[in-house]
Amino acid sequence: MSTTAPRAAEAGTRRPWSRIKPIWVGRVLALAAAVLLVVYPMVSDDLYYQNMIILSLVFAIGASGLSIISGFAGYISLGQGAFIGLGGYTIGVLATKLPDTNVWLWVPVAGVVAALVALVLGFVSLRSRGPSFVIITVAFLFLVQVIAVNWVSLTNGTAGLTLPLPTWDRDIANWPFYYVLVGLLALQLLMTWWIRRTKLGMGLIAIREDETKAATIGINLPTQKIIAFMASALFVGMAGAVYGYYLTFIDPRGMFSILLSVQLVLSMLIGGKATLWGPVLGAFLIEWLNETANNDWGGGNARLFLFGGLLVAVVIFLPQGILPAIESAIEWARTRGKAGLVGARIGSGGSLASLTDRVELVDRAEIPDRAILEVRDLRKHFGGVRAVDGASFAVPEGSITGLIGPNGSGKTTIFNLIDDTIRADGGEIWLDGKRIDGMPSWQRAHRGLGRTFQITRLFREMTVLENVVAVQRRFTVGQLGRIAVSGAEARAADELLEYVGMRAFRDQKAHALSYGQQKLVELAQILMLDPKVILLDEPAGGINPVLIERMAEMIRELNSYGKTFLLVEHNMPFVLGLCDPVHVLARGKDMAHGTPEEIQHDPAVIDAYLGDDFVLEEKVEAPR
Amino acid sequence: MTELLQTLLLGLLLGGVYALAASGLTLIFGVMRVINIAHGAFLILGAFVTYWLWDAFGLDPLLGVVLTTPIVFGVGWITYKLVVSPVRTAPMASTVLLTFGLALVLEGAMGEIWGNNSTAIRPSYADESFTFGGLFLPKAQVYGGLIAVVVLVLLWLVLTKTWLGRAIRAAATNPASAELVGIKVASVAALVFGIGIAAAGAGGAITGVLYPFVPGSHYQWIARLLAIVVLGGLGSLNGAVLGALMFGVAETLTSAYVSPAWATAVPYAIVFAVLLIRPQGLLGTRLREDAVAA
């Protein structure tokens with residue numbers, strides 16, 4: 001198997017194995033299943049299976065919707081069943097209060113109601129993550145149930161609601177439910193597929209992988225999450241409405257049962273979360289087991305054993321789900337005995353100007369003499385530790401400014417404060433003439449701030465290319481819908497990856513890369529932001545000398561296009577050969593600053609940091 | 001006035017029982033960062049074991065705590081070894097799902113063994129009360145509350161005064177360093193899980209006497225217990241006790257003065273509000289998130 005980049009680019013798809021036949025096997029299987037699904041009611045009038053398929057379709061829509069927030073964005077919800085219930089109740093209440101209207105009219109209304117309630121859950125996700133979020137979703141479900149029980153005037157309480165019976169011909173009894181649900185599933189899958197390919201989807205996966213980091217590359221967390229939550233409930237609410245109409249009787253116990261949510265989560269997990277077909281496969285599998293447990297194994301407790309036992313087993317033995325497991329088995333078989341690409345030599349890059357026409361040299365004389373980034377009296381305390389204690393310094397526009405100082409002097413904390421990875425206790429931060437403290441990370445990124453991390457923070461489960469295209473330079477709702485994984489965005493990312501020498505790795509998952517390779521990808525990622533100021537946290541740390549040289553070369557080249565740099569580094573030849581001015585940090589504040597020459601001879605700096613025996617080896621050592 | 005005082009006292013007694021049950025949940029979270037959704041199910045298991053000892057052998061249900069607790073401890077310890085330890089380091093959301101699955105299995109198992117009908121433990125003093133100064137306090141509630149306090153104090157002594165307690169706290173603060181100074185974190189975790197479950201079991205033995213129960217009651221319990229530990233701050237024992245007392249009082253007040261129907265909504269509303277307004281709870285601390293381990 002050739003590993004050259006251009007061929008990979010031509011194939012243009014995300015997963016390496018999609019270049020070979022299994023994808024076609026998969027597509028043919030999916031198509032066959034779809035055809036079977038569509039013709040089934042016409043060729044068979046077996047009501048047992050029709051019923052099972054109708055329920056499976058409802059759960060498939062629910063699980064696929066769930067996959068948008070839980071699979072992509074990583075917010076596991078045990079409250080997803082509530083949207084099916086809300087859909088059912090919307091149609092139930094409206095159909096009984098307004099008996100003269102066509103019941104089908106309420107199906108889209110139910111979708112809107114579900115999406116609006118999901119908006120509330122979306123706001124909740126802004127404040128809580130991980131396990132607290134799971135707990136909140138359970139509380140949310142029960143709260144909705146309690147309201148449905150107690151708001152008797154609307155919902156008729158525990159007695160439930162009876163919907164009008166279908167008016168159509170008995171010969172086609174289930175057909176309308178069946179085909180409306182097939183249509184809704186198709187819409188749901190289309191939406192999931194589309195989201196996965198857009199900036200929105202990239203942003204959601206980035207949020208799952210590392211939410212704090214996602215914000216620093218310009219991803220507007222609240223908007224993205226709220227859109228995701230609404231999208232995850234829209235068609236589910238409609239499916240819930242059809243489900244309610246199909247059942248003709250709804251009550252709070254049935255519609256808001258926690259087991260409904262468990263069934264959705266199980267379907268998604270077993271099939272494979274964040275995959276397109278996994279939740280559908282899972283839903284059909286679980287519903288079949290569910291019916292079997294109900295009819296052949298005695299119902300009630302058997303269902304509990306089944307769902308509970310499966311949940312335990314899936315978490316322990318099959319955390320990634322069936323489809324991803326098959327995928328990795330194929331990948332394993334295909335690459336067995338072949339050398340990994342991850343050890344390949346890193347490309348030599350070349351100049352960025354030769355790769356793209358989006359950069360041009362700037363005339364040094366035209367750069368205004370002003371600070372593009374300035375911090376004033378910045379403070380951050382951790383308990384009694386004053387990590388940053390009144391630091392003030394300025395980064396002149398067009399400069400490569402160095403920030404040095406002993407370990408624990410507050411360098412990385414200052415970076416964290418500048419990009420709002422942590423919020424400062426006090427002080428001001430100015431970027432390009434605007435005060436930015438008080439802004440969230442993504443707004444700072446949109447204003448031209450890019451930052452790499454000392455310990456690289458790539459999105460581990462995303463490919464190298466996806467890591468770069470996940471970046472959002474500005475925020476408009478329109479650009480969230482832009483296709484990210486191909487087209488202009490992908491081309492721009494390719495150029496940057498070529499520049500840093502990592503293009504050959506574009507389809508590798510980020511976690512497969514070495515530390516040094518990750519540093520390069522992170523640089524490309526930041527460049528995708530097209531920032532005015534680039535903060536680099538130890539760009540030369542932990543990488544080989546050739547790469548250090550290349551890093552210095554790239555910094556200089558980017559600087560010649562007008563990019564301003566602020567870098568933290570312990571490699572003195574690197575810093576002193578590259579930076580001017582240099583700021584020395586000690587005990588959380590700016591202790592000295594000046595040209596590299598001045599810093600090397602400043603007695604206070606020698607005492608606090610460099611040490612008496614510090615001699616910068618001959619200038620040849622310095623990267624030039 | 002007397003009525004209010006009586007409601008408050010009953011609320012506090014109930015709060016003591018809640019504190020016992022919730023202490024296990026918060027302890028398990030504190031040490032292994034696992035939110036044990038099956039905690040309510042173990043509590044109901046404690047109630048069923050108590051019922052069985054009382055029904056089959058005539059053992060007094062409240063004194064039976066002495067037997068119930070070790071039995072439930074054993075179940076908890078085995079459960080840990082079998083299903084929780086393989087995923088101890090997995091992301092928290094997966095352990096939430098795992099323990100949720102565990103709760104469902106336990107619910108099904110209890111339904112198979114004891115049936116899904118409402119079960120009540122009614123010792124001879126179930127209908128008797130202490131009365132003084134116009135106050136009217138059911139004996140079962142008074143005994144139950146006192147036993148809960150005794151068990152809690154024992155638990156507190158173990159945690160603060162013994163080597164095991166220091167090992168547990170060390171493992172909770174920094175597992176890697178605890179290993180370095182000779183603490184077998186895996187064994188400590190298994191013990192803590194057992195102890196936490198045992199506390200739930202003891203709580204279940206007491207509440208089994210106070211209220212009738214079915215296997216499905218565990219949903220209500222886990223909601224209540226989560227509300228308590230979330231209110232107090234996940235992982236904080238003192239927070240759990242404080243949260244439990246406040247919760248017990250709030251619940252008795254709501255059902256006495258508002259309506260029992262809406263009292264069921266109280267825990268969910270609290271979870272919602274606390275996690276949104278002050279996610280770290282009353283006594284919890286926020287962790288420093290920026291210091292990434294290399």
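The values are calculated or read from the model by the stated rules, or taken from the named source; none is laboratory data. For clarity, every value in this text was computed on a predicted model and none was experimentally measured. Using ideal geometry, Cβ is built from the backbone for each residue, glycine included, and neighbour counts are taken over all protein chains shown. What goes into the accessible areas is simple: the full protein's heavy atoms, side chains included, and nothing from ligands, DNA or RNA. Shrake-Rupley method; radii C 1.70, N 1.55, O 1.52, S 1.80 Å.
So what is the diffusion coefficient of chain B in µm² per second by Stokes-Einstein at 20 °C and 1.002 mPa s, using a Kirkwood Rh over Cα pairs? Don't jump to the answer; show the numbers that get you there.
Numbers: Rh = 19.4 Å.
Reported coefficient: 111 µm²/s.
Surface calculation, 1.4 Å probe, protein heavy atoms: B:Ile270 sits at approximately 40 Å² accessible. Element breakdown for chain A at a 1.4 angstrom probe: carbon and sulfur atoms account for 59% of the accessible area.
What the phi angles of the stretch A:454-468 give under the Karplus curve with 6.51, -1.76 and 1.60, with θ = phi - 60°, is a coupling list of 4, 9, 3, 10, 7, 7, 4, 8, 9, 6, 4, 4, 4, 4, 7 Hz, glycine and proline written as x. Derived scalar couplings between HN and Hα for the stretch A:301-318 equal 5, 4, 5, 5, 4, 4, 5, x, x, 5, 4, 4, 5, 5, 4, 7, 9, 9 Hz in order, rounded to whole Hz, by the Karplus curve 6.51 cos²θ - 1.76 cosθ + 1.60 (θ = phi - 60°), x for Gly and Pro.
Convex hull volume per residue, computed on the Cα atoms of the protein assembly as shown, equals 199 Å³.
How large is the accessible surface per residue of the stretch A:63-256, computed with a 1.4 Å probe and reported in Å² as a whole number? Before the final figure, lay out each step's value.
Working: 6280 Å² over 194 residues.
Roughly 32 Å² per residue, with all protein chains present.
Each residue of the stretch A:34-46 was assigned a 3J(HN,Hα) from its phi angle through the Karplus curve 6.51 cos²θ - 1.76 cosθ + 1.60 (θ = phi - 60°); the sequence is 5, 4, 4, 4, 6, 8, 3, x, 7, 9, 9, 10, 5 Hz, with glycine and proline shown as x.
Skip the ligands, DNA and RNA, and give the accessible area per residue of chain B with a 1.4 Å probe, whole Å². Provide the component values of the computation, followed by the final result.
Details: 12270 Å² over 294 residues.
Each residue of chain B exposes 42 Å² on average to a 1.4 Å probe.
Under the criterion of Cα pairs below 8 Å and six or more residues apart, the relative contact order for chain B equals 37 percent.
In terms of the Cα gyration tensor, with a ≥ b ≥ c the square roots of its eigenvalues, is the stretch A:13-112 rounded because a/c is under 1.5, prolate because a/b exceeds b/c, or oblate? Oblate is the answer for the stretch A:13-112, as a/c is 1.5 or above yet b/c matches or exceeds a/b.
Under 5 Å from the amide H of A:Met591 lie the amide H atoms of A:Val584, A:Leu585, A:Ala586, each residue being 5 or more positions distant or on a separate chain, with H modelled from the backbone and absent for Pro and chain starts.
Surface listing: A:Arg474, A:Arg506 arranged by accessible area from highest to lowest gives A:Arg474, A:Arg506, probe 1.4 Å. Expressed in units of 2.2 N^0.38 Å, where N is the residue count, the Cα radius of gyration of the stretch A:207-362 is 1.54.
Computed over chain A, relative contact order equals 17 percent, with contacts defined as Cα pairs under 8 Å that lie 6+ residues apart.
Here B:Lys184 is the anchor, and the lysines within straight C-alpha reach of less than 29 Å, apart from those fewer than 8 places off in the same chain, are B:Lys81, B:Lys161.
Counts of other chain beta carbons within 10 angstrom of each beta carbon in peptide A:313-321 average 4. Between the helical axis of A:221-247 and the longest alpha-carbon principal axis of chain A there is an angle of about 10 degrees. The label-point distance for B:Thr7 and B:Glu128, in a model that sets each label 7 Å from Cα toward Cβ, rounds to 2.9 nm. Near A:Gly390, the amide H atoms lying under 5 Å from its own belong to A:Leu378, A:Arg379, A:Lys380; only residues 5 or more places off or on other chains count, and H is placed 1.01 Å from N.
Solvent exposure of A:Val35, expressed as accessible area, is near 80 Å², computed with a probe of 1.4 Å over the protein chains only.
Using C-alpha pairs below 8 Å separated by at least 6 residues, the relative contact order for the stretch A:63-256 is 49 percent.
Probe radius 1.4 Å, ligands and nucleic acids ignored: give me the carbon and sulfur share of the accessible area of chain B as a rounded percent.
On the way: 8310 of 12270 Å².
Percent of accessible area from carbon and sulfur atoms in chain B: 68.
Computed on the Cα atoms alone, the convex hull of the stretch A:352-614 gives a volume of 138 cubic angstrom per residue. To test your reading of the geometry: what angle, between 0 and 90 degrees and rounded to tens, separates the Cα axis of helix A:175-197 from the longest principal axis of chain A? With rounding to tens, the tilt is 0 degrees. Among beta bridges identified by DSSP and lying wholly in chain A, the antiparallel ones come to about 65 percent.
The listed residues A:Thr167, B:Thr26, A:Thr292 rank as A:Thr167, A:Thr292, B:Thr26 when sorted by accessible area, largest first, using a 1.4 Å probe. Per-residue surface analysis assigns A:Trp288 an accessible area of about 130 Å², computed on protein heavy atoms at 1.4 Å probe radius.
Checking an interface number: how much accessible area is buried between B and A, summed over both chains, with a 1.4 Å probe, in Å² rounded to 100?
Numbers: alone 14040 and 26970 Å², together 37410 Å².
Separately minus together, B and A give about 3600 Å² buried.
The translational diffusion coefficient of the stretch A:25-83, from Stokes-Einstein at 37 °C and 0.692 mPa s with a Kirkwood hydrodynamic radius over alpha carbon pairs, comes to 245 µm²/s. Distance between the C-alpha centers of the stretch B:189-247 and the stretch B:36-77? Whole Å please. Spelled out, the Cα-based centre of one part sits 14 Å from the other.
Helix B:65-79 axis versus longest C-alpha principal axis of chain B: approximately 30°, rounded to the nearest ten. When the alpha-carbon atoms of the stretch A:63-256 are used, the pair Rg, Dmax equals 17.6, 59 angstrom.
Looking only at other chains, what is the average number of their beta-carbon atoms within 10 angstrom of each beta-carbon in B:81-90?
On the way: counts 0, 2, 4, 2, 0, 3, 4, 0, 0, 3.
Average neighbour count from other chains, rounded to a whole number: 2.
Close amide H partners of A:Leu566, meaning residues 5 or more places away or on another chain with modelled amide H under 5 Å apart, are A:Thr401, A:Ile534, A:Leu535, A:Leu536.
Listed by chain and number, the lysines placed with their C-alpha closer than 22 angstrom to that of A:Lys380 are A:Lys213, A:Lys411, A:Lys434, A:Lys589; residues fewer than eight positions away on the same chain are left out. Taking all protein chains together and a 1.4 Å probe, the residues B:Trp156, A:Trp175 rank B:Trp156, A:Trp175 from largest to smallest accessible area. Other protein chain C-beta atoms within 10 Å of residue C-beta, averaged over B:274-280: 4.
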